[in-house]
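Worksheet: the structure to be examined is printed underneath.
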Amino acid sequence: MVAGFVLSILLLIVLSVKYKTDLDNSVYIFVFACIGALIGAKLLYLIVSYPQIIEELKEGEPMEKYIAGGMVFYGGLIGAFVMAFHTAKAYNVNIFDYSKVLLPSGAVLGAAGRVGCHLVGCCYGREWDWGISYEHSLIAPNDVTLFPTQLTEASFDIGLAFLMIYLGIKKYDGRSMTKVYLSTYAIFRFSLEFLRGDAARGVYILSVSQWISIVILLFLFFKRKKHSL
């Protein structure tokens, strides 16, 4: 994550210079968005893991285990967007004026996070005929071939970063870029969830992330419908 943060900041600087956006504002908004991502990712993890945490705490597991480890990506995405909007408001700037520098950098950071998931073995995929296998993971099943969901999402995030850069070069407005970012990721994530193999993730047939994807797509759809009336 540290390496990803450094790479995303470097990309942010390059894009800020290219598009002549205020560099200080870009960096501050992005840094606070990252803080929001950490808080959101941890909070959503604690919420979705609450029943399991309670049971394990009763069995004597230390609370520090859950504070130190465990995050949910969608919580991070939501936290990042909320914090970015509030930071921009505090600086009296329009957040969408910075979409062309923030969105590609955020996608790169997301890719780095998924590489981290791959290395530790969390967020692993279903058993598959081809893919990756772990030998010493404390999370993923060892000596089993698994679909590489983490690297698949990391690759998607890199592609999403390039898409955002392309839209910025083509002078798409910030609102449109943000809608493309959210809708594209939501559709991809909803589909990828069917290939995930980690347990205790379902809520009424679908996973938590799939329900969040549906909510995001519905929100964008009705918001567009409202503007078209």
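The values are calculated or read from the model by the stated rules, or taken from the named source; none is laboratory data. Since the model is a prediction, treat every value here as computed from it, not as a measurement. Every residue, glycine as well, gets a Cβ built from its backbone with ideal geometry; the counts of neighbours run over all protein chains shown. Ligands, DNA and RNA are stripped out before the accessible areas are found, and what is left, the full protein with its side chains, is counted by its heavy atoms. Shrake-Rupley method; radii C 1.70, N 1.55, O 1.52, S 1.80 Å.
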*If the Cβ limit is 6 Å and pairs must be 6+ apart or interchain, which residue in the stretch 210-223 that is modelled with pLDDT of 90 or more pairs with which residue that is open to solvent by less than 50 Å² (accessible area, probe 1.4 Å) and of a type in the set (Lys, Arg)?*
Ser213/Arg189
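One line per residue, one yes/no per condition, for (1) more than 23 Å from Arg196 (Cα to Cα); (2) assigned to a loop (DSSP other than H, G, I, E, B); (3) out of contact with any Phe, Trp or Tyr (no Cβ under 6 Å at 6 or more places or on another chain):
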{"residue": "Glu56", "(1), (2), (3)": "yes, no, yes"}
{"residue": "Gly60", "(1), (2), (3)": "yes, yes, yes"}
{"residue": "Tyr74", "(1), (2), (3)": "no, no, yes"}
{"residue": "Tyr98", "(1), (2), (3)": "yes, no, yes"}
{"residue": "Val101", "(1), (2), (3)": "yes, no, yes"}
{"residue": "Pro104", "(1), (2), (3)": "yes, no, yes"}
{"residue": "Ala112", "(1), (2), (3)": "no, no, yes"}
{"residue": "Cys123", "(1), (2), (3)": "no, yes, yes"}
{"residue": "Trp128", "(1), (2), (3)": "no, no, no"}
*Just name the residue that is farthest from Met71 (Cα to Cα) out of those in the stretch 168-197 that are crowded, with 17+ Cβ neighbours inside 10 Å and out of contact with any helix residue (DSSP H, G or I) (no Cβ under 7 Å at 6 or more places or on another chain).*
Tyr172
*asked:* Any residue that is among the aromatic types (Phe, Trp, Tyr) and not in a strand (DSSP E or B) - is there at least one of those in the stretch 132-141?
replied: no
*Among the residues of the stretch 79-92, count how many are of a type outside the set (Ser, Thr, Tyr) and buried (at least 20 other Cβ atoms within 10 Å of the Cβ).*
6
*Quick one: count up the residues across the stretch 113-127 that are open to solvent by 30 Å² or more (accessible area, probe 1.4 Å), in contact (Cβ under 8 Å) with a residue 40 or more places away in the chain and not charged (D, E, K, R).*
4
